[in-house]
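The following block contains the structure, expressed as structure tokens.
The values are calculated or read from the model by the stated rules, or taken from the named source; none is laboratory data. Quantities reported herein were computed from a predicted structural model and do not represent experimental measurements. As a convention, Cβ positions derive from the backbone with ideal geometry for all residues, glycine included, and neighbour counts pool all protein chains shown. Each accessible area value is taken on the protein alone, full model and side chains, heavy atoms only, with ligands, DNA and RNA left out. Shrake-Rupley method; radii C 1.70, N 1.55, O 1.52, S 1.80 Å.
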Amino acid sequence: MIEKDFIPSAYNHTITEGKVSYKSPSNIALVKYWGKKENQLPQNPSISFTLDACATTTKISFKRLNKPSEEYSFDLLFEGNSKEDFKPKIKTFFTRIEVYLPFLKEYHFTIETSNSFPHSSGIASSASGMSALALCLVALEKQLNPEMSDDFFTKKVSFLARLGSGSACRSIEGDIVQWGNHENTEGSSDLFGIKYPYKVHDNFKRFHDTILLVDKGQKQVSSTVGHNLMHNHPFATQRFKQAHENLDKLIAVFESGDLKEFIAIVESEALTLHAMMMTSMPYFILMKPNTLEIINKIWEFREKSNSNVCFTLDAGANVHVLYPENEKDVVFQFIKDELIGYCENQQYICDRIGFGAKQLKMNA
Ligand code: DP6
């Protein structure tokens, strides 16, 4: 598919008002997206576990205007309160997607959104937030064009979510999603995420992700600034090539169930992401001392217990502790005994692999 395929022809239905609501999860990348081209296209393919507990719920009430407005007409409520400082982000998003959703200026929208996790937890809400918003908007479009197939619906949501935030395109479906052209993944595309199409060993079913909140502060580097640091980065070419190689290795691991190899790929990806930030200009260290303490504790525990627990990181100090379902009791005990002390206010979130976004029933 190409971008033009997402531009609709004239709609055959009209709708004057209505409501739609979706709950959309966050995701955690195993092979990381870091570096993008024009129009939110990734420099390399990435793959993630869709999460379950960390999610955004968004409701959109829409009303057709008598005549299209000059500017986008919307109100935004975050956790029940009007949130002016979120509006520019939505406006930018609308501007990017209007060519694909030409009705945006024909309606007034009331967007009500809330997260299952605390806003100040240092957990990025852009993946769940942008995917929930894209879901609501394409659901409205489906009312204008009821013939839209389910497959096209999912692809278009992912395509639009990507224009809001790259990783958001991996938050529509579960339980594993790949985004970005990769010659060995059939159907893969830079334009949208696809449900991972190959065999996944039972070892990876219902994997756990306990997120340790090491630093709940504002992000030191916004993702946009971060991605831009990969332009003219001395190691960029090699890194983008490595992501393809790691994805190939992961495809083999998903089939075989080899957890030791899984750990090697996932931890190396996390440290490579941070290495890219440390070696860019300007450079950043986003880990905190407690991030390193936790990593060392995980390595120590793995050594002495032969457990298959491992870690990954996003562009921040928090640590995602990943472990298989059949080790959940022993690893969770280890987390409580030895890791939680390194979290800010002892805070952590218990999450696991989930199965994608869900439409919520509207009462009125
Ligand atoms: C480190 O998706 O937040 O989490 O496209 O600029 O919104 P934008 O970036 P964003 O970047 C996420 C980067 C990452 C790795 C990943 O999720 O693959």
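What is the magnitude of the charge dipole of region 67-202 about its Cα centre, with +1 placed on the Cβ of each Lys and Arg, -1 on the Cβ of each Asp and Glu, and no other charges, expressed in debye to the nearest 20? Before the final figure, lay out the partial values.
Values: 14 positive and 19 negative charges, 42 e Å.
Dipole size: approximately 200 debye.
Continuing with this model, one more query. So for region 66-116, taking the charge dipole from beta-carbon charges (+1 Lys/Arg, -1 Asp/Glu), which of Asn115, Asn66, Phe103 sits furthest toward the positive end?
The residue sitting most towards the positive pole is Phe103.
So how far, in whole Å, is the C-alpha centre of region 187-238 from the one of region 86-162?
20 Å
Sequence gap at least 6, Cα distance under 8 Å: using those rules, report the relative contact order of the chain to the nearest whole percent. Could you put the intermediate results ahead of the total?
Values: 728 pairs, mean separation 86.9, N = 364.
Across the chain, relative contact order equals 24 percent.
Please calculate the 1.4 Å probe accessible area of Arg352, with all protein chains present, and give it to the nearest 10 Å².
That residue has around 60 Å² of solvent-accessible surface.
Which order do His119, His244 take by accessible area at a 1.4 Å probe, largest first? Let's see the in-between values first.
Working: His119 90, His244 60 Å².
Reading off the accessible areas and sorting them downward yields His119, His244.
Tell me, in nm to one decimal, what length is gained between Glu303 and Ile7 on full extension, where the rule is 0.36 nm per residue of separation less the Cα-Cα distance? Display every interim value, and only then the final one.
Numbers: separation 296, 0.36 × 296 = 106.56 nm, distance 5.35 nm.
Roughly 101.2 nm would be gained on extension.
How far apart, in nanometres, would the label points at Lys89 and Thr14 be if each is projected 7 angstrom from Cα along the Cα-to-Cβ direction?
Result for the modelled spin labels: 3.5 nm.
About the Cα centre, and with charges only on the beta carbon of Lys, Arg (+1) and Asp, Glu (-1), how big is the dipole of the chain? Nearest 20 debye, please. Could the numbers behind the result be given before it?
Details: 40 positive and 44 negative charges, 154 e Å.
That gives the chain a dipole magnitude of about 740 debye.
Given H placed on each backbone N at 1.01 Å, which residues far from Leu65 in sequence or on other chains put an amide H within less than 5 Å of it?
For Leu65, the qualifying residues are Tyr107, His108.
Taking Cα centroids, how far is region 30-63 from region 326-364 in Å?
Rounded to whole Å, the Cα centres lie 20 Å apart.
When each pair of different Cα atoms in the chain is counted once in the 1/r mean, what is the Kirkwood radius in angstroms, to one decimal?
Values: mean 1/r = 0.0474 Å⁻¹.
Computed over Cα pairs of the chain, the Kirkwood hydrodynamic radius comes out at 21.1 Å.
Another one. Given a 1.4 Å probe and every protein chain left where it sits, what share in percent of the accessible area of the chain is carbon and sulfur?
On the way: 8130 of 16290 Å².
Solvent-exposed carbon and sulfur of the chain make up 50 percent of the total.
Based on DSSP, what percent of beta bridges with both residues in the chain are antiparallel, to the nearest 5?
Details: 51 of 57 bridges.
Taking every DSSP beta bridge within the chain, about 90 percent pair in antiparallel fashion.
Starting from the amide H of Ala53, placed 1.01 Å from N in the peptide plane, find each other amide H under 5 Å away whose residue is 5 or more places distant or on another chain.
HN-HN under 5 Å from Ala53: Arg352.
In Å², and per residue, what accessible area does region 248-311 have when probed at 1.4 Å with the other protein chains present?
On a per-residue basis, region 248-311 sits at 47 Å².
With a 1.4 Å probe and every protein chain left in place, tell me how much accessible area Asp248 has, in Å² to the nearest 10.
Estimated to the nearest 10 Å², Asp248 gives 60 Å².
Just to check I understand the Karplus step: with θ = phi - 60° and J = 6.51 cos²θ - 1.76 cosθ + 1.60, what whole-Hz values come out for region 156-163, glycine and proline as x?
Using θ = phi - 60°, the values come out as 5, 4, 5, 4, 6, 4, 4, 6 Hz.
Per residue, how much accessible area does region 166-224 have with a 1.4 Å probe, in Å²?
Details: 2340 Å² over 59 residues.
For region 166-224, the per-residue accessible area is 40 Å².
Using the Karplus curve 6.51 cos²θ - 1.76 cosθ + 1.60 with θ = phi - 60°, what ³J(HN,Hα) values do you get for each residue of region 260-268, in whole Hz, with x for Gly and Pro?
Running phi through 6.51 cos²θ - 1.76 cosθ + 1.60 with θ = phi - 60° gives 5, 5, 4, 4, 4, 5, 5, 5, 5 Hz.
Accessible area per residue, 1.4 Å probe, Å², for region 1-143: what's the number? Working shown, then result.
Values: 6160 Å² over 143 residues.
Value returned for region 1-143: 43 Å² of accessible area per residue.
Can you tell me which of Glu70, Glu183, Glu84 moves the most in a GNM of the chain? Springs connect C-alpha atoms under 10 Å apart.
Looking only at Glu70, Glu183, Glu84, the largest GNM fluctuation is found for Glu70.
Beta carbons within 10 angstrom, averaged per residue: use that to sort the peptides 53-59, 329-335, highest first.
Descending packing order for the listed peptides: 53-59, 329-335.
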